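What follows is a single structure, written as structure tokens, with notes after it.
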Amino acid sequence: MTQIVGVDVGGTFTDLVLFDTKTESVKISKVPSTPENQSFGVMNGLESVGVSLESLDALIHGTTVTTNALLERKVSRVGLITTRGFRDVLELGRRTRPKPYGMTGSFECIIPRELRLEVGERVDCDGEVVEKLNEADVLTAVKQLLESGAEALVIHFLHSYKNDSHERKTEEIARKIWPNAFVTRGSALVSEFREYERGTTAAINAAIQPVLHRYIERLQEKLKEEGYNKDLLVMQGNGGTVSSGIVAEDAVKTVMSGPASGVMAAAYTASQSGFERVVTYDMGGTSCDVGLIVNGIPQVTSELEIEYAMPIHVPMVDVHTIGAGGGSLAWVNDAGLLQVGPESAGAQPGPICYGRGGNKPTITDANLVLGRLNPDALLAVDNPVSLDTVRKYLVEEVGTKLGLQDAEEIAAAILRIANMNMAGALRLVSLARGHDPRDFALFAFGGAGPLHAVALARELGIPKVLVPMRPGITNAVGCVVADVRHDYVNSINIPLTQADMEQVEQLFYRQIEAGKKIIAEEGVEIQELLVIYDVDMQFQGQTHILNFSVQETRLSRESLQSAFEKAYWDRFGVELPEIRAVLVNLHTAVIGRRKPVPLAALMSAKEQKNTIDECRTGNRKVWFESGWKETPVYKREFLPVKAKFNGPAVIEQLDTTIIVEPENQVEVDLEGNLIISL
Amino acid sequence: MMTNIDPITLTVIQSGLQQVCNEMDLAFVRSAFSPVISEALDRSDGIYDKDNGELISQGELGLPVFVGTMQFGTQCVIERAKNLQPGDVYIVNDPYLGGTHLMDVRFVKPFFYKGEIFAWLANTGHWPDTGGAVPGGFSANATEVEQEGLRLPPVKLYKAGVLDDEILSIVLSNIRIADQRIGDIKAQAAALTVGEKRFTELLDRYGAETVKNSIKELKKRAAQQMRARIKEIPDGLYEGEAFVDSDGVVNEPLRIEMKIRKEDTELYFDMSGSSPPCLGPMNSVIATTKSSVYLAIKHIFPEVPLNAGTFEPLHIDDPHDTFLYAKYPRPVSGCAAEVSQRIAEAVFSALVKAIPDLLFAAPAGTSGNLCIGGYDPKHDRNYVMYVISGGGYGGNSSGDGLSNGCSTIGISKTTPVEVMEQFYPVLFEEYSLHQGSGGAGKQRGGFGVNYKIKLRRGTAKVSMVMDHGRFGPQGVLGGSDGGVNQVKVEQNGEPYIPEHMSKDQNIIVEVGDTVHVSTPGGGGYDDPFLRNPELVLHDVKRGYYSAKQAQELFGVVLSGRENTVDLKATEISRARYSVG
């Protein structure tokens, strides 16, 4: 395999990276995204790097088609067949409201009530049939849904994670007359209890399945026309890839795949640089995404809530979105306290300095006033705005309300509060998973991440910051380095003392076999097969579970008990010999490692200079917490490997700016990453 | 005099304090055993003043009803505390000492910094049982607090960090399913330890003086912020009311009379015209009464941060000699879950007259506590099963009410049916939307829930404390009331409807018997005849209302197999009713 392309479609740009492993060279392109049909942007990107599709060996695609369809509710018409008495489960949810305070807000179920039909059937929690499936009901329901114009179908019965025979029979009946392949069986997607979450996941899958299917089909046709005959791989939310031939079956797994590929790139890059525990921090215009990598592996969750009351319970890279980005607005509340975000200036009008008519100060404006951004190198400016104008608005909109007249002082305050909020959110994300941020390195990317990374690391006690060679195309790099990955979960839910460990081993075995089989069917070239196991456990009577890794499938009760006790102590500092442990779920991730990619190729050896001094493009005054400092400015592309220098420094590159504080040391590693030591 | 603290440091300290509390909340929830805590989030963690117990900061995901109560509870501990050492933790659940009901168990811990008490850390968690006549503690007809369960005055459960086994054994000997409580006790204490650690870090970093001064200043600022919002309300006297179905013993409604006087930047609350103390457990202790007013105001102005200053412009007269100021030994098990929500409703109903755009019609406003306790022969164990349920929210100026929203005072999620059936010998036969329950209005109320539970094994006792069985949640500005709460038990095929509609206790059920509950819908907002007919049609297609209801409640006539609005007929029908 020599030529590999990763292409990631984002909100504004479609990023593409072409690795040629033979020549160890890279081509990169950034073209505008085409939201009405993302495939145009993809084809434009391919054209702009001038690759011959016939000679291309692999194309890995990260798409936001499903995420967007879901968030904008541009989804297919879905029908539901469910247990008698329970058609409203998906609408009623679990008795919540959008926010702790405030008694307003709304929720719209993804399947309209008139398309949710019930059939006679009931299975209990032990999997025993209480009421036999009424097959005549099923046939009537399927026909009625077809007549009502449903395009996709969901079959969701209570306790199907324990006994799926009724769901299977219903699927069999439905498939005979359903005109397409869009039939989702709840327990096939998620084999865990919790009817609302399992059902909603299935409903979301069905709603975006036709959308994804049509998109992939169109894209593949175009690729074929251009001579690409190999398989198209699609990124999934778990950070792995899947063959385009089967991607639509579990369409829900592609939701949130964009942020996941960023974390994959981070894991791969950091791991090559010797960092196995990493907090990833991707800051863009409106928000930042935070993920965790432990022992080189991105942390995965099965409990994502994509928006209010929309849980998706399939394994996904655990990415938390925080409402702070370059465009976050600074304002003064009724108490006279400065606040930053969560409101954002968005793309329109955007920060003041973009010259699109904005007059409300943002984080980006603060960075500009403090010399952290180069006014002449801003990417998104429509009409240049003078620094004085930005300063004027800082004083007018924020300063006067705080009794501050000095624009720079105001900008510094905005930065300080924004950094503190982000650091607080980062800390909660890591603590919620039982990790101390001080044991991690911070991997910063996205347009604004490297601007704030050092300040955040300082706030959190993180000793090192890593900035990859190409922070602006990290997601596309993630596509290229991602493995083929399939995740499996089975519920056990019995006290450990009663667990049949042979059955546990068998379940693991079945999960592995399923993963191997599907990877073989996909036919993707892989180097090695890696299997990761973990278990969910709890003390009897608890409802929350604790997830931890195990090393093998053949486990004894004793070893599992002590592994659980240790994980519990590490997490909560509590010992509970009084209470029995329960084995809740078994998870397996079957991962096909693809051939390694030479990241060093992301550097351009031609451009590199021999000495640090030659990399310097100028000086400017930059604000740090210790005061203003005359600070050297370096061009990133010039920096040679193994270069070492001390802060303060501003390092500029096409798509981001990196701020190095006075006490920091910077080193360029062999792959071209910047390692900043605090 | 106050030293000058810049506004930036203030914001930094404010977030820092908030994070200490959020981390305590998180630690508590993730390790708790009581599903009422871990799933239903029925708990709260906070930081309180070292001398007077005033609220300094509280976790953002704490149960709203604890907003005010915990500072009163901490005050009561401070008054009684002796020989304090680092590592001491008081346990207390006495409702009359700044509490709610007995099930809300508070841990209160002096926080030492450099050898001196700097503040108090406290948390509250709802235990599934604290003894008493009824499993789960929601007695519907107790007449003395002793019948409601074990009452603990403030005692040191941990002394210098060591758990006192003797006190523990007294507690565990007096409650049901005691074996798991040790897990909650450890989780609750460990959360305070987490808070201690983080608070110490904050003080190390910014200095005790700066933090102390910031706390004072933040209190001032919160008051300022609250006053700025209150100022927007036109001056005047606004009256509202709300009714509790009954006290569970005497089948008469209890009335809350809420007179709110707005003067410049202050609000004065007078509830003295409310019903006298009641025989049954629907009395409210003063801490809960005040807290309910606070949380109602916080629902109206959600962006105002929480500390003692927030409440400064809210002046609540002690409602002596009413059921809203219960004294020993009045039973109080209904106060936190139900009476508190009626108090909030009375505040809403008064203020909607002043600031209709910011308000909403009454929400379902009941926690819907249903408790089934019994013995499961298959697993040879006793159990106490809690079911809580939501209801519709009121319509509001911006839209229809939410369906199956959680209680006004809570943020608790319900336990999934699949989980309850695993733990308890029951089978749910239905879990559905309570059609027609949303109060009609230009913006209609949201819908309640119907559920039906069948007992599969053993014998059990069913108790419930709910509300809005007699009167639906109030509609406003011409909107109709939401549908009422209904309970029906079928014993051997014979229907039994509780005399008090929404409250009863120890109803015996056998295998095959069922309990059927329908929860209230939210009140309607504004004249239903002003509702867009297309929206009414949409609601009929969804089965929310029948075509008949569309005409009767909204004056909308449908035609073409209920697929279109007959505009002409609708116009005539609406004109006719409007004139009448």
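The values are calculated or read from the model by the stated rules, or taken from the named source; none is laboratory data. Only a predicted model underlies this, so the values are computations on that prediction, with no experimental measurement involved. We place every Cβ from the backbone using ideal geometry, glycine too, and count neighbours over all the protein chains shown.
Couple of notes before you dig in:
- Residues of the stretch A:164-208 that turn out to be under 19 Å from A:Leu117 (Cβ atoms), among the polar types (S, T, N, Q) and more than 14 Å from chain B (Cβ to nearest Cβ), as a count: 4
- Matching residues in the stretch B:139-177 - criterion: being free of Cβ contacts under 8 Å to residues at least 60 places away in the same chain, in contact with a helix residue (DSSP H, G or I) (Cβ under 9 Å, 6 or more places away or on another chain) and closer than 19 Å to B:Asp94 by Cα: B:Leu150, B:Arg151, B:Leu168, B:Leu172, B:Ile175
- A:Tyr568 falls short of the stated requirement of being at pLDDT 90 or above and either within 22 Å of A:Gln511 (Cβ to Cβ) or within 14 Å of another protein chain (Cβ to nearest Cβ) (or both).
- Test: residue in the stretch B:426-434 that is among the small types (Gly, Ala, Ser) and surrounded by 24 or more Cβ atoms within 10 Å (Cβ to Cβ): no
- Residue match in the stretch B:11-26 (condition: of a type in the set (Val, Ile, Thr), under 18 Å from B:Thr69 (Cα atoms), within 11 Å of chain A (Cβ to nearest Cβ) and assigned to a helix (DSSP H, G or I)): no
- The stretch B:364-414, subset of a type in the set (Ser, Thr, Tyr) and not in a loop (DSSP other than H, G, I, E, B), residue farthest from the other protein chains (Cβ to nearest Cβ): B:Tyr375
- Pairs are defined by a Cβ separation below 9 Å, a sequence spacing of at least 6 or placement on different chains, a first member in the stretch A:260-275 that is free of Cβ contacts under 8 Å to residues at least 12 places away in the same chain, and a second member that is of a type outside the set (Lys, Arg); the pairs so defined are A:Gly274/A:Asp669.
- Those residues of the stretch A:106-118 which are out of contact with any Lys or Arg (no Cβ under 6 Å at 6 or more places or on another chain) and surrounded by fewer than 24 Cβ atoms within 10 Å (Cβ to Cβ), in sequence order: A:Ser106, A:Phe107, A:Glu108, A:Cys109, A:Ile110, A:Pro112, A:Leu115, A:Leu117
- Residue count, the stretch A:80-98 (criterion: at the interface with chain B (Cβ under 7 Å from one of its Cβ atoms) and among the polar types (S, T, N, Q)): 1
- A:Val31 being within 14 Å of chain B (Cβ to nearest Cβ), crowded, with 18+ Cβ neighbours inside 10 Å and either on the phi > 0 side of the Ramachandran plot or in contact with a Gly (Cβ under 7 Å, 6 or more places away or on another chain) (or both): no
- Residues that are at pLDDT below 95, within 29 Å of A:Asn585 (Cα to Cα), charged (D, E, K, R) and not assigned by TED's automatic domain parsing to the domain that holds A:Thr83 do not occur anywhere in the stretch A:210-221.
- Residues (more than 10 Å from chain A (Cβ to nearest Cβ) and either touching a Gly at 6+ places or on another chain (Cβ under 8 Å) or within 20 Å of A:Thr96 (Cα to Cα) (or both)) located in the stretch B:37-51: B:Asp42, B:Arg43, B:Ser44, B:Asp45, B:Gly46, B:Ile47
- B:Ile185 vs. criteria more than 12 Å from chain A (Cβ to nearest Cβ) and either at pLDDT 90 or above or not in a helix (DSSP H, G or I) (or both): no
- Residue in the stretch A:415-424 that is assigned to a loop (DSSP other than H, G, I, E, B), among the basic types (Lys, Arg) and either away from chain B (no Cβ under 14 Å) or over 30 Å from A:Thr301 (Cα atoms) (or both) present: no
- Pairs are defined by a Cβ separation below 6 Å, a sequence spacing of at least 6 or placement on different chains, a first member in the stretch B:415-432 that is more than 7 Å from chain A (Cβ to nearest Cβ), and a second member that is among the hydroxyl-bearing types (Ser, Thr, Tyr) and surrounded by fewer than 22 Cβ atoms within 10 Å (Cβ to Cβ); the pairs so defined are B:Tyr424/B:Tyr383.
- Single condition A:Glu614 does not satisfy, out of (1) away from chain B (no Cβ under 14 Å); (2) touching a helix residue (DSSP H, G or I) at 6+ places or on another chain (Cβ under 7 Å); (3) at pLDDT below 90: (3)
- Any chance A:Asp536 is in contact (Cβ under 8 Å) with a residue 60 or more places away in the chain and within 14 Å of another protein chain (Cβ to nearest Cβ): no
- Set B:Glu79, B:Glu54: member being free of Cβ contacts under 8 Å to residues at least 12 places away in the same chain, more than 14 Å from chain A (Cβ to nearest Cβ), over 20 Å from the mean Cα position of the chain (by Cα) and surrounded by fewer than 24 Cβ atoms within 10 Å (Cβ to Cβ): B:Glu79
- Residues of the stretch A:328-349 classified as under 19 Å from A:Lys392 (Cβ atoms) and either within 14 Å of chain B (Cβ to nearest Cβ) or touching a helix residue (DSSP H, G or I) at 6+ places or on another chain (Cβ under 8 Å) (or both), total: 4
- The number of residues in the stretch A:287-317 being polar (S, T, N, Q) and in contact (Cβ under 8 Å) with a residue 24 or more places away in the chain comes to 3.
- Residues of the stretch A:337-396 that are among the acidic types (Asp, Glu), farther than 30 Å from B:Ile5 by Cα and part of a helix (DSSP H, G or I): A:Asp376 alone.
- Strands (runs of 3 or more DSSP E) contained in the stretch A:478-572 and holding at least 2 residues out of contact with any Asp or Glu (no Cβ under 8 Å at 6 or more places or on another chain) and not hydroxyl-bearing (Ser, Thr, Tyr): A:484-495, A:528-539
- All of B:Leu254, B:Leu279 fail the test of being surrounded by fewer than 21 Cβ atoms within 10 Å (Cβ to Cβ) and in contact (Cβ under 8 Å) with a residue 60 or more places away in the chain, apart from B:Leu279.
- Only a single item in (1) of a type in the set (Val, Ile, Thr); (2) within 30 Å of B:Met466 (Cβ to Cβ); (3) over 27 Å from the mean Cα position of the chain (by Cα) is not met by B:Val249, and it is number (3).
- Filter result (without any contact (Cβ under 8 Å) to a residue 40 or more places away in the chain and part of a helix (DSSP H, G or I)) within the stretch A:599-618: A:Ile612, A:Asp613, A:Glu614, A:Cys615
- Within the stretch B:385-403, if we keep just the residues that are touching a Phe, Trp or Tyr at 6+ places or on another chain (Cβ under 9 Å) and hydrophobic (A, V, I, L, M, F, W, C), the residue that is farthest from B:Leu41 (Cα to Cα) turns out to be B:Leu402.
- Restricted to the stretch A:131-157, and to residues there that are among the β-branched types (Val, Ile, Thr) and surrounded by 15 or more Cβ atoms within 10 Å (Cβ to Cβ), the residue that is nearest to A:Glu171 (Cα to Cα) is A:Ile155.
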